[in-house]
Amino acid sequence: MSKVCEVCGKHPVAGRSISHSHRVTNRTFSPNIQRVYAVVNGTRRKMNVCTSCLKAQKVARS
């Protein structure tokens, strides 16, 4: 499944995990993407949408 929100364009970003002993390892921060049915231009289709867009009601779920 795609890790990019089709509404806001949010995508994974790279960063670092730092342990208590300060060992540094690379990691990715992934957005919480859900595959939902949404109404777009009067038609119902599946979209990959992040949960912050769902909570802000930027898409009309069906």
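The values are calculated or read from the model by the stated rules, or taken from the named source; none is laboratory data. Here the structure is a predicted model, which is why all the values come from computation and not from measurement. Glycine also receives a Cβ, built like all others from the backbone with ideal geometry; neighbour counts cover every protein chain displayed. We work out accessible area using only protein heavy atoms, side chains counted, and drop any ligands, DNA or RNA first. Shrake-Rupley method; radii C 1.70, N 1.55, O 1.52, S 1.80 Å.
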- Query: From the set of residues in region 15-36 that are within 17 Å of the chain's Cα centre (by Cα) and open to solvent by less than 90 Å² (accessible area, probe 1.4 Å), which is nearest to S62 (Cα to Cα)?
  - Reply: V36
- Message: So the check is Cβ under 9 Å with 6+ separation or different chains; which pairs have a first residue in region 1-25 that's farther than 24 Å from Y37 by Cβ and a second one that's open to solvent by 100 Å² or more (accessible area, probe 1.4 Å) and of a type in the set (S, T, N, Q)?
- Response: A14/N26; G15/N26; R16/N26; S17/N26
- Selection from region 28-61 of residues under 14 Å from K3 (Cβ atoms) and either in contact with a strand residue (DSSP E or B) (Cβ under 7 Å, 6 or more places away or on another chain) or at pLDDT below 95 (or both) yields T28, F29, P31, N32, I33, Q34, R35, M47, N48, V49, C50, T51
- Cβ pairs under 7 Å, 6+ apart, first in region 35-62 and under 12 Å from C8 (Cβ atoms), second assigned to a strand (DSSP E or B) and basic (K, R): N48/R35
